[in-house]
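Novice: Here's a structure for you.
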Amino acid sequence: NSPDSRRRSFLDVGGRNSINNFVSSFQRAQSFSGLNLFEPAIDTIDDISPLTSPPITNGEFGEPDNNRIFDTLSRHGTESEQINNFEFPQDENSSLLLGRQNSKLSNTSERLISGNSTAPQTIFNSINTLMGIAMLSLPFGFKLCGWILGTLLLLSSAIVTDYTGKILGKIMRKYPHLTSYGDIANLYGGGKAQFIITLIFSIDLFGATISLILIFSDSFSLLFPDISIKVFKSIIIFILFITSFIPLHIISFLSIFGVVCTSGVLIAIIVSGLLTREIPGSLLKPASTYLLPDNLNDVLLSLGIMMAPWGGHIVLPELIKDMKHPSKYSKCCDIAFSFSFALYYLISSVGFLMEGSNCEDSLIKNIMLNKNNSKSLILIICSLMGLLSISKIPLVTRPLITVYENLFSLNFETEITYQDGVRQKTFSMKRFIGRVLFTIFILILSFTFTSFGQVIAFLGSAICFTVCITLPLLFYLKLFNDELNQLTKLAIKFGILISISGAIIGTYSSFVYD
């Protein structure tokens, strides 16, 4: 056997849960970032052409996927058969758009697709969706509200978002032609509702971009205090500009470094606490903590911080659609949210025990400012945070680039070229200038918003309360109205009221907190 055949056989061990299939599932999940909220719609099957449609392939190997079933309107049967047998030229998005349906198409036909991801792969992708840099602010949240309220808020956030995540699953099962959060919004309230979702998600992506820039610049400015923090912001934004030209399939593959870096940071924080023997920053000699806060106003800010790590609902419908057996989704959801809660509570407890009332809005700041920590550990953490930001920021900003280029018709190509059967992207001067202006706008935002904790609190309050609780409950109330009893309807309405109140109070606190 050749080394290549041995390598392939090793990567394929485990059948559907092999390393190859996990990687393929992970790459698909990286494209489930709300992109289809911004893509131009295909009105009918006649609009599908070799220039607009991805090939029907299985995973990253380019083999025909016999499991994908396209059930179109009967009057398009002949065209559908031709499409299934045609090898479309590939462009940069082809391999990542497998299994994803355009919102308008899914609402005008019964075009159904069976997914490829197994239950373990869906659990992994769900956890990866939830695991973000927002969890670095959780110790700060415990500082604001103490052990009792902090535990209750984090636990209740986990339970409620797990419940609303399963609501999205129920909606997808009842209406199997839906493929995304935007589709559900469109079914609920038409084009206006979908537009509102797009607007909310755009704000969320801008906030996520700013938070990545802040965590990058804060980390390196603490490592190099003589250099202005604006220099580091400019560096990461320049990297953003360069990576905006990299094909999506490469960016999605590189995003696996984000998983590695996040895990590495968590391990480094725990190691730091175990190696440090003096207050602050020690797990062996914990700092002074408290059960309840002295100032109840601080609790208002913590509402958004405790909600921020759960903001993955916009992607969940696409993860459900990518499942081989969607009936297992509820159990997958319970496992993913339970694991995430355990991880979040661990990092919250570790950070609060290490720093007590001295917790900064990002635990990384405490680690890097602590003179008891070795320089090598600080350098490792700083490097991991840098790689984390670099690996995630291109994927976060890609939907924003897509929406403004579609809005201003900057992505229109007058000349289409192919090389070795692969479609080559061409960039007009207008498109180039558009990306320059986009990066300048991001730079201005990063200079305007300078507090990582307040940005996270805003995202948790204004966005996560809305997308993860309020809207799913509204969807459920309307789309399952005939199946719910009066008591359940009353409970859902009460939940909507509480969620809206939390969003308003938390958002206000994120702006006025000093």
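Taken together, the values in this text are just the output of simple stated rules run on the coordinates, not laboratory data. On a predicted model such as this, the values are computed, not experimentally measured, just so you know. Don't worry about glycine lacking a Cβ; one is built from the backbone with ideal geometry, like all the others, and counts go over all protein chains shown.
Novice: From zero up to wherever the largest Cα-Cα distance of segment 220-286 sits, split into 5 Å bins and tell me the percent of pairs in each.
Specialist: 4, 14, 11, 14, 18, 17, 11, 7, 4, 1
Novice: Long-range amide H contacts for residue 117: which residues qualify at under 5 Å (H placed 1.01 Å from N, peptide plane, sequence gap of 5 or more or a different chain)?
Specialist: 323, 324
Novice: Right, here's the next one. Which of the peptides 450-461, 178-189, 480-491 is most tightly packed, and how do the rest follow, going by the mean number of other Cβ atoms within 10 Å of each residue? Could the numbers behind the result be given before it?
Specialist: On the way: 450-461: 25.8, 178-189: 24.0, 480-491: 10.7.
The densest-packed peptide leads the list: 450-461, 178-189, 480-491.
Novice: How high is the relative contact order of segment 138-275, in percent, counting Cα pairs under 8 Å that sit 6 or more residues apart?
Specialist: 9
Novice: Also: Could you pull out the chymotrypsin sites (Phe, Trp or Tyr not before Pro) across segment 320-417 that fall in loop regions by DSSP (anything but H, G, I, E, B) with no more than 15 other Cβ atoms inside 10 Å? Write down the numbers at each step before the final one.
Specialist: Details: sites: 329, 337, 339, 341, 344, 345, 352, 404, 408, 412; in loops: 408, 412.
Passing both the DSSP loop test and the Cβ count: 408, 412.
Novice: At what distance in nm do the modelled label points of residue 267 and residue 292 sit from each other, each positioned 7 Å from its Cα along Cα→Cβ?
Specialist: Each label point lies 7 Å from its Cα, and together they span 4.2 nm.
Novice: Could you order peptides 428-437, 377-386, 206-215 by the average number of other Cβ atoms within 10 Å of their residues, highest first?
Specialist: Details: 428-437: 13.6, 377-386: 19.6, 206-215: 24.5.
For the peptides 428-437, 377-386, 206-215, the packing ranking is 206-215, 377-386, 428-437.
Novice: Given the peptides 358-371, 260-273, 132-145, arrange them by the average over their residues of other C-beta atoms within 10 Å, most packed first.
Specialist: Details: 358-371: 21.4, 260-273: 18.7, 132-145: 28.1.
Descending mean neighbour count gives 132-145, 358-371, 260-273.
Novice: Taking the Cβ of each residue in 173, 277 as the centre, tally the other Cβ atoms inside 10 Å and list the residues starting with the fewest.
Specialist: With the sparsest Cβ surroundings first, the list reads 277, 173.
Novice: Just grab the label-to-label distance for residue 284 and residue 147, each label 7 Å out from Cα along the Cβ direction, in nm (one decimal).
Specialist: Modelled inter-label distance: 2.2 nm.
Novice: Now for a separate question. Please compute the alpha carbon radius of gyration of segment 349-401, then divide it by the globular-protein estimate 2.2 N^0.38 Å. Two decimals is fine. Before the final figure, lay out the partial values.
Specialist: Values: Rg = 14.3 Å, N = 53, 2.2 N^0.38 = 9.9 Å.
Rounded to two decimals, the normalised Rg is 1.44.
Novice: By how many nm would the segment from residue 504 to residue 480 grow when fully extended, if each residue of separation counts as 0.36 nm and the alpha-carbon distance is taken off?
Specialist: Numbers: separation 24, 0.36 × 24 = 8.64 nm, distance 2.69 nm.
Between residue 504 and residue 480, full extension yields 5.9 nm more.
Novice: Separate question: Work out the FRET efficiency for residue 334 and residue 375 from their Cβ-Cβ distance, taking R0 = 51 Å, and round it to the nearest 0.05. Each step should come with its number before you reach the end.
Specialist: Working: r = 43 Å, r/R0 = 0.84.
That pair, residue 334 with residue 375, gives E of 0.75.
Novice: Also: Report, in listed order, any pair from 230/392; 392/493; 233/321; 192/324 with a Cα-Cα distance greater than 26 Å. Walk me through the numbers on the way to the answer.
Specialist: Details: 230/392 20 Å; 392/493 36 Å; 233/321 37 Å; 192/324 32 Å.
Pairs exceeding the cut-off: 392/493; 233/321; 192/324.
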